[in-house]
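Read through the structure below, which is laid out as C-alpha cells, and then see the notes.
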Amino acid sequence: MISFLNLKEQLKTRKFAALCIFGNDGWLKQSALDTIISALQAQDMGVETLDGASAESVRTACFTPCMFCPVKVVVCKNFVFPQGKAQQRAAETLSSVVRDWDGGFCLVFWADSAEPFKNVEGLECVNCDKLDAPMVAKWIVSYAKRQGVAVENGVARLLGEYCLQDMSRVQAETQKLIDYGEFTAQAVEALVHKDAEYVVYNLADLIAAKNAQGALALYDGLISSGEDARGLFGLLYNFFRRAYYVKTSDGALPAAELLGVRPYAVQKAKAAAERYKPMQLKKILDAFSDADEKLKAFAEENAVMKNLILKIITL
C-alpha cells in the first residue's frame, strides 16, 4: 500500500505496471493521478482514458503503443468486475496485463475502494483517503519546502484547521501564502478566510466553557462579517447533534462517512462530547428545537440565537 504523501518518492525509484488510486478525497485522487502522469512525462498525448471498460478492453488499450511518449498512461474509471465466474476471469485478464508488462504503459484504476482489485496480481494501491490534521500539516510543510519556503509545523497545523483539513482549500491557501512572501501565524490569521464551520467550533468551545461574553461577541462578529443567522443556527445544531451521537455511541468514534462529515468534524464533536453529560446534550438539542419553532414563527433571528446561546450555557 502506498500513501498519497509517499507516492512521488515511490515513483522516483520504482516503475509500476498497474496502480489503483482509491479513497474518499477527490482532490487527493486527482493530485495522485497528475503526479503519476507527470512522473512518466505523459502530460500531452500520452494518456488514454477509459470509462466503464471491460478487462479485455483494458488489456488492449495497454498493449496498443503510443507514438507520443515512451510510457503510455491508461486511466480506467468506473471499472466494474462482472459477477460469478466472469469475475475471476476478469481478475485473471488484468493480472496477465501485469505479468506481460513490457514497460511501455502504466495502468491506473480510479476507484472508491481497493477491495474489488485485491485479486489482481501485481497491482499496487495508492491510498487517497482524507488526511488527518498531522498529515495535512506534513503536506503543507513539504509543499512549501519544494518552493523554497520554510513553514513551522504549528503554523501548518493552524492553516489546516482554518481550512477544516479540506485539501482543495489547503492547497489554494498554501500557495497564496507562499506567493504573499510571508508564511507565519500572523499571515495565516490575516489572510486566510476561516471556514464558517471552523468559527462555529470556536463558538461551541466558548459555549462549553460557559463564556457568555465571549460567545456573544463572537456571534456578533460573525453576523457583522456577513454570516447568516439561520446558517449559523444550522451549523451549531449539527455540531451539538454530532456531539450527542458520539456521546451516546458507547465511546466509539463513528466513521465520518456515517455522519456525512469530515473526520476533523467528528474529532471536534468527540472533544465537545467529553465536556457534557448525555442528558445535557439532550436538553441542548431540545433547546434548538424550541428555537427552531420561534424562527419558523418569524421571531427576530438575532434575538433567538442569542437567547439560545445563553440557554445552552446555563444547562
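The values are calculated or read from the model by the stated rules, or taken from the named source; none is laboratory data. For clarity, every value in this text was computed on a predicted model and none was experimentally measured. Note that each Cβ is placed from the backbone with ideal geometry, even for glycine, and that neighbours are counted across all protein chains shown. Accessible surface areas use protein heavy atoms only, side chains included; no ligands, DNA or RNA. Shrake-Rupley method; radii C 1.70, N 1.55, O 1.52, S 1.80 Å.
Run the quick spin-label model on ASP290 and ALA196: label points 7 Å from Cα toward the beta carbon, then report their separation in nm to one decimal.
2.6 nm
Return one whole number: the accessible area per residue of the chain in Å², for a 1.4 Å probe. Kindly include the intermediate steps, with their values, before the conclusion.
Working: 16000 Å² over 315 residues.
Solvent-accessible surface per residue comes out at 51 Å².
Calculate, for GLN41 and GLN175, the FRET efficiency according to 1/(1 + (r/R0)^6) with r their C-beta to C-beta distance and R0 25 Å; round to the nearest 0.05.
Details: r = 24 Å, r/R0 = 0.95.
Computed FRET efficiency for GLN41 and GLN175: 0.60.
Could you work out the pair-distance distribution P(r) of the stretch 39-190 from its alpha-carbon pairs, with 5 angstrom bin width and percents rounded to whole numbers?
Once binned at 5 Å, the Cα pair distances of the stretch 39-190 give 2, 9, 15, 15, 11, 10, 11, 12, 9, 5, 2, 1, 0.
Which values of log₁₀ I(q)/I(0), to two decimal places, follow from the Debye formula for the chain at q = 0.14, 0.15 Å⁻¹ with a uniform point scatterer at every Cα?
-1.05, -1.12
Search the structure for amide H atoms under 5 Å from the amide H of ALA18, placed 1.01 Å from N in the peptide plane, and list their residues when 5 or more places away or on another chain.
LEU107, GLU124
Counting alpha carbon pairs within less than 8 Å and at least 6 residues apart, what relative contact order, in whole percent, applies to the stretch 2-137?
40 percent
In nm, to one decimal, how far is the modelled label at ASP51 from the one at ASN24, with both set 7 Å along Cα→Cβ?
Placing both labels 7 Å along Cα→Cβ, they lie 2.6 nm apart.
Once you put a point 7 Å from the Cα of SER224 and another 7 Å from the Cα of SER96, both along the Cβ direction, what distance in nm separates them?
7.2 nm
For the chain, what does the helix formula give at 222 nm: sum of -39500 (n - 2.57) over DSSP H segments with n ≥ 4, over the residue count, nearest 500 deg cm²/dmol?
-18000 deg cm²/dmol, from helical runs alone.
So how much slack lies between THR13 and ALA212, counting 0.36 nm per residue of separation and subtracting their Cα-Cα distance, in nm?
Difference between extended and current length: 65.9 nm.
LYS118 to VAL80: extension gain in nm, 0.36 nm per residue of separation minus the Cα-Cα distance?
Values: separation 38, 0.36 × 38 = 13.68 nm, distance 1.33 nm.
Going from the current span to full extension adds 12.4 nm.
Starting from the eigenvalues of the Cα gyration tensor, five times each then square-rooted, give me the equivalent ellipsoid semi-axes of the stretch 267-315, largest first, whole Å.
Result for the stretch 267-315: semi-axes of 23, 10, 10 Å.
Which FRET efficiency value, to the nearest 0.05, is calculated for ARG89 and MET67 with the Förster distance at 35 angstrom and r the Cβ-Cβ distance?
Efficiency at R0 = 35 Å is approximately 0.65.
Please compute, over every Cα-Cα pair in the stretch 63-129, the percentage with a separation greater than 19 angstrom. Please report the intermediate quantities before stating the final value.
Numbers: 800 of 2211 pairs.
For the stretch 63-129, the fraction of Cα-Cα distances above 19 Å is 36 percent.
Return the equivalent ellipsoid semi-axes of the stretch 111-261 as a descending list in whole Å, where each equals the square root of 5 times an eigenvalue of the C-alpha gyration tensor.
Equivalent ellipsoid semi-axes, largest first: 31, 26, 13 Å.
Shape of the stretch 1-92 from its Cα gyration tensor (a ≥ b ≥ c, root eigenvalues): rounded if a/c is under 1.5, otherwise prolate when a/b > b/c, or oblate?
The shape class here is oblate.
Full extension from ILE313 to ALA271: what is 0.36 nm times the residue separation minus their Cα-Cα distance, to one decimal in nm?
13.4 nm
What accessible area, in Å² to the nearest ten, does a 1.4 Å probe give for ASP44?
Near enough 140 Å² of accessible area.
How large is the convex hull of the C-alpha atoms of the stretch 165-237 per residue, in Å³?
About 110 Å³ per residue, rounded to a whole number.
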